[in-house]
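Trainee: Can you keep this structure in mind? I'll have questions shortly.
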Amino acid sequence: MTTLPQKDAAGLPTPATRFWRALAALSLRRPWLLAALGLLAFAVALPFAVRLYGDLRTDLRELLPRGAPSAIALDALEKRVGGLGQLTVVVETQDLKAGERFVDALGPRLRQLPRSLQQGVYWKIDDERTYFNAHGALYAEADDLARVRDSLRDNLDRAKKQANPLAVNLLDDDETQAAPGGEKAAAEDPLLKSAFSRVKDAFGRLDHFVDGYLAGDGGHTLVLNVHPPTAGASLEFNQELFGAVDAEVKKLDPKSFHPSLVIGYSGEVRSVIEAQEALVRDLVLSSVLVLLAVGAALFIFYRSLWAIPLLVGPLVTGTALTFAISRGVIHYLNPNTAFLGSIIVGNGINAGIILLARYLEERRAGHSIHEALPTALRSTWLATFAASAAAAASYGSLGAVRFRGFNQFAFMGTVGMVLCWLATYLLMPSWIAIVERLRPLVPAAIRGGNAPRSGVAASFARAIVGWPKLAVAVSLGISLASAGLIVRFSREPLEYDFSKLGSRVGEKAGVGFWGKKVDLVMQSYQTPTVVLTQTAEKAAQVAAALEETRRREGKKSTIDTIATLQRLLPADQPRKLALLREIFSLLTPRVVAHLPADVRPLIARLRSTTRLEPVTLADVPTRLTDVFKEKDGNSGRLVAVYPTLSTTSVNGKAQIEFARAIRDTAQAADPGAQVAGQVILTSDIIEMITEDGALAAMLSFFAVAALTFLVLRSFKDAGWVIGSLCLGTLWMGGAFGLLDLRFNFVNFAVLPITFGIGIDYAVNLYQRYRQTCSVEEALGASGGAVALCSTTTILGYAALLLADNMAIHSFGLTAVLGELTCLSAALFALPAFLAWRDQRRRIAAPEPLPASTGEQRATGT
């Protein structure tokens, strides 16, 4: 990055030189005034920044653009229906009867909670079981009932023909002997068995529950569902409901019912609370760790405690201003932006590190503070500004996509990079002046500038310059291996196992863990995807179209059941009642005795409980009809669609197929239909990332490349820097393939961000090389500071590795890998190639370069 010359064509100082000299002079003359102004800005911004962090929103709707169809549909569902979600109390026990006593005691207590907290508490299926015992046969397909009747008739006809003279009619209950052929035919008829199996499925759809309770898993798990009166409620409401339920559970003392009783919680209400609590906990932990780790890194590098306030003071001022402005513009944090504090701190400190390193270098060379400070400001401002601008451009590229999670990330990241740079160059000079008055940063004993370079950076530089061919060969080898690994990564770059994006603790002991137990009990999805229409007729059309889609897809279909208010009633009731009467007339005890043994209990139950009379909606249990009743009194306009149990978060592709099938089919049948549900929301997020992520990455790369060229003013020099970035990105892709990593809706932002941050290291090193024309001197002088810049950024990302949320953890991991590979390319591969080129040039033209060449080139860091 070519800095402006110190003098213009007339021999006078340039405006930039005069500005930095004036700022240095003011900072030395009035340091306390400038520092006080900085502290005042921090004090004003802090309350707004705190309020921003106090408004964390985990709802996935906050990631989609305003007006996204899935978000609008979910809002409409909540306004029309209220809550389809629930809070589930899960009871695990080794004693079923003790578990039943516990839920029998808990259920009535929870029903006494205010109606503002709950609109229903369910733990038994008495009403539903009574209903299906009486009318379940009517839910069988008419064709299956006809097949049962016809099969029975055919078997009886064959029996008559084969019967001996003493046994001519199996319909006669007094007959003592039946034809062997008829018995065998009835017992082995596959069509009869298949039809009876489907009738059993319709009639006994609640049979998997134990003792009339929501119980299963071999009697080891019982479920109690609490339905809130509204959906999309605030976090405070969810916490209030959970607190009230948990208090009643504790009052009952589950262990007093049986020592084996363990209580867990699942459902949407608990999921929201768990996600929020984990986010806050991770946020506090990461912030503390970043500050401690960055402070330790600064102390180790500078070997002075004074370096910490010098760098952190301006940094926290810029960060606080960033979040205060974000509070006014964005108002809240979402899962994508919640950890930007750690990222901005880790990246925003880079300019201060370069400035302080150059200042200390000047002081060690024997220059006074009045000479060192303006020199450090003048020689580093453009390089660090370009690096910060590149980072800001990479953040800003995320603003070009529709995904709101990235838009807000872009705004905060861009503003943060600019404000941290401004705070560093406007405030750090005064802080340096204050510290120098209190205690010199460089003791007089070590000033002088003639001591040979030593330390890790200098030794590393000598090794690179001494063995450039080996370093180039290693770089090329890593590049070839990375190219092969990228092919592996590119086969499936997106993460479709959505269970890897939630809470790690939740999967082991929270909602994820207990939710699997609920699935074992309920054996179906509890929360449907809902199609909202404007009339009952349109709902019926949509349901019929979805049924056709399910039939056409066959066993591959992700659709399990389709329900409407109208479909709660059995179809074709007159025909089914007539068929059932015929079947019952044929099923004499003698005939039943000749049927397959596994269907005889079903026959006995059918005959003893089935009521051969039509069913109306008034007969259907209210728990089944409530889901279709809307707040304004309308009903029958909704279609509830349940996916198969295999369509879980583990199988994200199946969820996407389910969402696409529902949406395409519903809107083809009714263009005005809206489709709402968490599965739809998640699918939209993945679709947007797929479509917009590549655009954001390209915009970031081209913005950074253009900025690099504008600052370096040379295609050749810009090519070296951009080449280093490309090499680091190639190695990053290879690391992804090696570790089998995937992009998701959070870590997709890493790629464009890496372009802006990763080029920082190559820019600063190459700038110093342009100034000195010596790889060894450039790497030895600036390599340590560049490495420290990357270290602080890595620490900001590494704090996210401790996050409970696996999506945030993946962001930290992929970002750390990007940092390491781009830093390695800048400090290992780039110097190696430059040293190799210079070596070849010296062999071709052994005469030394003129001494003034370095001065004619750009002055920089």
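Trainee: Evaluate region 554-576: report whether one residue or more is of a type in the set (Gly, Ala, Ser), open to solvent by 60 Å² or more (accessible area, probe 1.4 Å) and not in a strand (DSSP E or B).
Mentor: Yes, region 554-576 contains at least one residue that is of a type in the set (Gly, Ala, Ser), open to solvent by 60 Å² or more (accessible area, probe 1.4 Å) and not in a strand (DSSP E or B).
Trainee: A further question follows. Across region 577-592, what is the total count of residues that are part of a loop (DSSP other than H, G, I, E, B) and of a type in the set (S, T, N, Q)?
Mentor: So the answer is 1.
Trainee: Between a residue in region 491-504 that is outside any loop (DSSP other than H, G, I, E, B) and any residue that is acidic (Asp, Glu) and buried (at least 18 other Cβ atoms within 10 Å of the Cβ), which pairs come within a Cβ distance under 9 Å, given they are 6 or more apart or on different chains?
Mentor: That search, which allows pairs on different chains as well, returns Leu501/Glu495; Ser503/Glu274; Ser503/Asp804; Arg504/Asp804.
Trainee: Under the condition of being of a type in the set (S, T, N, Q) and crowded, with 18+ Cβ neighbours inside 10 Å, which residue from region 259-311 is nearest to Leu39 (Cα to Cα)?
Mentor: By that ranking, first place goes to Ser286.
Trainee: Can you confirm whether region 540-548 contains a residue that is over 30 Å from Leu638 (Cα atoms) and in contact with a Ser or Thr (Cβ under 7 Å, 6 or more places away or on another chain)?
Mentor: There is no residue in region 540-548 that is over 30 Å from Leu638 (Cα atoms) and in contact with a Ser or Thr (Cβ under 7 Å, 6 or more places away or on another chain).
Trainee: Sticking with this structure for a sec: So which residues in region 359-397 are among the polar types (S, T, N, Q) and under 47 Å from the mean Cα position of the chain (by Cα), if there are any at all? Let's see the steps before the verdict.
Mentor: At the first step, the residues of region 359-397 found to be among the polar types (S, T, N, Q) are 368, 375, 379-380, 384, 388, 394, 397.
Within region 359-397, Thr375, Ser379, Thr380, Thr384, Ser388, Ser394, Ser397 meet the criteria.
Trainee: Quick one: in region 776-787, which of the residues that are open to solvent by 10 Å² or more (accessible area, probe 1.4 Å) and aliphatic (A, V, I, L, M) is modelled with the highest pLDDT?
Mentor: Looking at residues that are open to solvent by 10 Å² or more (accessible area, probe 1.4 Å) and aliphatic (A, V, I, L, M), I get Ala787.
Trainee: Those residues that are modelled with pLDDT of 90 or more, open to solvent by 60 Å² or more (accessible area, probe 1.4 Å) and more than 30 Å from Phe584 (Cβ to Cβ), I need them from region 611-662; list them, please.
Mentor: The answer is Glu657, Arg660.
Trainee: Can we say Ile794 is open to solvent by less than 20 Å² (accessible area, probe 1.4 Å), touching a residue at least 24 places away in the same chain (Cβ under 8 Å) and either of a type in the set (A, V, I, L, M, F, W, C) or assigned to a helix (DSSP H, G or I) (or both)?
Mentor: Answer is no for this residue.
Trainee: Another question, if that's okay. Looking at (1) open to solvent by 30 Å² or more (accessible area, probe 1.4 Å); (2) free of Cβ contacts under 8 Å to residues at least 60 places away in the same chain; (3) over 32 Å from the mean Cα position of the chain (by Cα), which is the only condition Gln541 fails?
Mentor: (2)
Trainee: Restricting attention to region 21-71, which residues are open to solvent by 80 Å² or more (accessible area, probe 1.4 Å) and part of a helix (DSSP H, G or I)?
Mentor: Result: Arg21, Arg29, Trp32, Leu33, Leu37, Leu39, Leu40, Val44, Phe48, Val50, Arg51, Pro69.
Trainee: Would you mention how many residues in region 558-602 are touching a strand residue (DSSP E or B) at 6+ places or on another chain (Cβ under 8 Å), of a type outside the set (Ser, Thr, Tyr) and farther than 21 Å from Thr625 by Cα?
Mentor: 0
Trainee: Filter region 286-344 for residues that are in contact with an Asp or Glu (Cβ under 9 Å, 6 or more places away or on another chain) and assigned to a loop (DSSP other than H, G, I, E, B); which is nearest to Ala457 (Cα to Cα)?
Mentor: My answer is Phe339.
Trainee: Mind checking which pairs have a first residue in region 114-140 that is touching a residue at least 12 places away in the same chain (Cβ under 8 Å) and over 30 Å from Glu236 (Cα atoms) and a second that is hydroxyl-bearing (Ser, Thr, Tyr) and assigned to a loop (DSSP other than H, G, I, E, B), Cβ under 9 Å, 6 or more apart or different chains?
Mentor: Asn133/Thr610; Ala134/Thr610; His135/Thr610; Gly136/Thr610; Ala137/Thr610; Leu138/Thr610
Trainee: What tally of residues in region 356-382 results from selecting those that are within 12 Å of Leu441 (Cα to Cα) and in contact (Cβ under 8 Å) with a residue 24 or more places away in the chain?
Mentor: 8
Trainee: Could you please tell me which pairs satisfy a Cβ distance under 8 Å, a separation of 6+ or placement on different chains, a first residue in region 394-416 that is under 17 Å from Ala706 (Cβ atoms) and surrounded by fewer than 24 Cβ atoms within 10 Å (Cβ to Cβ), and a second residue that is among the aromatic types (Phe, Trp, Tyr) and modelled with pLDDT of 90 or more?
Mentor: Gly399/Phe411
Trainee: Still on this structure: Go through region 482-535 residue by residue and tally those that are of a type in the set (Phe, Trp, Tyr) and surrounded by fewer than 17 Cβ atoms within 10 Å (Cβ to Cβ).
Mentor: Within region 482-535, residues that are of a type in the set (Phe, Trp, Tyr) and surrounded by fewer than 17 Cβ atoms within 10 Å (Cβ to Cβ) number 1.
Trainee: Between a residue in region 303-318 that is touching a residue at least 60 places away in the same chain (Cβ under 8 Å) and any residue that is open to solvent by 40 Å² or more (accessible area, probe 1.4 Å), which pairs come within a Cβ distance under 6 Å, given they are 6 or more apart or on different chains?
Mentor: Leu310/Trp431; Gly313/Trp431; Thr317/Phe42
Trainee: Check Gly812, Gly860 and return the single one that is surrounded by 17 or more Cβ atoms within 10 Å (Cβ to Cβ) and at pLDDT below 85. Even if it seems obvious, please write down each step before you answer.
Mentor: On the way: Gly812 fails: at pLDDT below 85.
That would be Gly860, the only listed residue that is surrounded by 17 or more Cβ atoms within 10 Å (Cβ to Cβ) and at pLDDT below 85.
Trainee: I've got another one for you. Restricting attention to region 420-440, does a residue exist that is of a type in the set (Asp, Glu) and buried (at least 17 other Cβ atoms within 10 Å of the Cβ)?
Mentor: We begin by selecting, within region 420-440, every residue of a type in the set (Asp, Glu); these are 436.
Cutting the leftovers down to buried (at least 17 other Cβ atoms within 10 Å of the Cβ) gives us 436.
Yes, some residue in region 420-440 is of a type in the set (Asp, Glu) and buried (at least 17 other Cβ atoms within 10 Å of the Cβ).
Trainee: Mind checking which pairs have a first residue in region 247-265 that is touching a residue at least 12 places away in the same chain (Cβ under 8 Å) and within 17 Å of Leu117 (Cβ to Cβ) and a second that is surrounded by 14 or more Cβ atoms within 10 Å (Cβ to Cβ) and among the aromatic types (Phe, Trp, Tyr), Cβ under 8 Å, 6 or more apart or different chains?
Mentor: Between residues of region 247-265 that are touching a residue at least 12 places away in the same chain (Cβ under 8 Å) and within 17 Å of Leu117 (Cβ to Cβ) and residues that are surrounded by 14 or more Cβ atoms within 10 Å (Cβ to Cβ) and among the aromatic types (Phe, Trp, Tyr), the close pairs are Tyr265/Phe242; Tyr265/Trp514.
Trainee: If you scan region 815-829, which residues turn out to be more than 29 Å from the chain's Cα centre (by Cα) and open to solvent by less than 10 Å² (accessible area, probe 1.4 Å)?
Mentor: Once the filter is applied, which keeps residues that are more than 29 Å from the chain's Cα centre (by Cα) and open to solvent by less than 10 Å² (accessible area, probe 1.4 Å), region 815-829 yields Ala825, Ala826, Ala829.
Trainee: Continuing with the same structure: From the list Phe748, Phe701, exactly one residue is assigned to a helix (DSSP H, G or I), open to solvent by 30 Å² or more (accessible area, probe 1.4 Å) and not β-branched (Val, Ile, Thr). Which is it?
Mentor: After applying the criteria, what remains is Phe701.
Trainee: Restricting to region 673-691, give me the number of residues that are open to solvent by 50 Å² or more (accessible area, probe 1.4 Å) and modelled with pLDDT of 90 or more. Full working, then the answer.
Mentor: Applying the first criterion (open to solvent by 50 Å² or more (accessible area, probe 1.4 Å)) to region 673-691 yields 674, 678, 687, 690-691.
Then keep just the ones that are modelled with pLDDT of 90 or more; that gives 674.
Looking only at that region, the number is 1.
Trainee: Checking Gly449 against (1) open to solvent by less than 70 Å² (accessible area, probe 1.4 Å); (2) at pLDDT 90 or above; (3) not aliphatic (A, V, I, L, M), only one condition comes out false. Which one?
Mentor: (2)
The values are calculated or read from the model by the stated rules, or taken from the named source; none is laboratory data. Given the structure is predicted, the values throughout are model-derived calculations rather than measurements. Using ideal geometry, Cβ is built from the backbone for each residue, glycine included, and neighbour counts are taken over all protein chains shown. Keep in mind that these areas ignore ligands, DNA and RNA; they rest on the heavy atoms of the full protein, side chains included. Shrake-Rupley method; radii C 1.70, N 1.55, O 1.52, S 1.80 Å.
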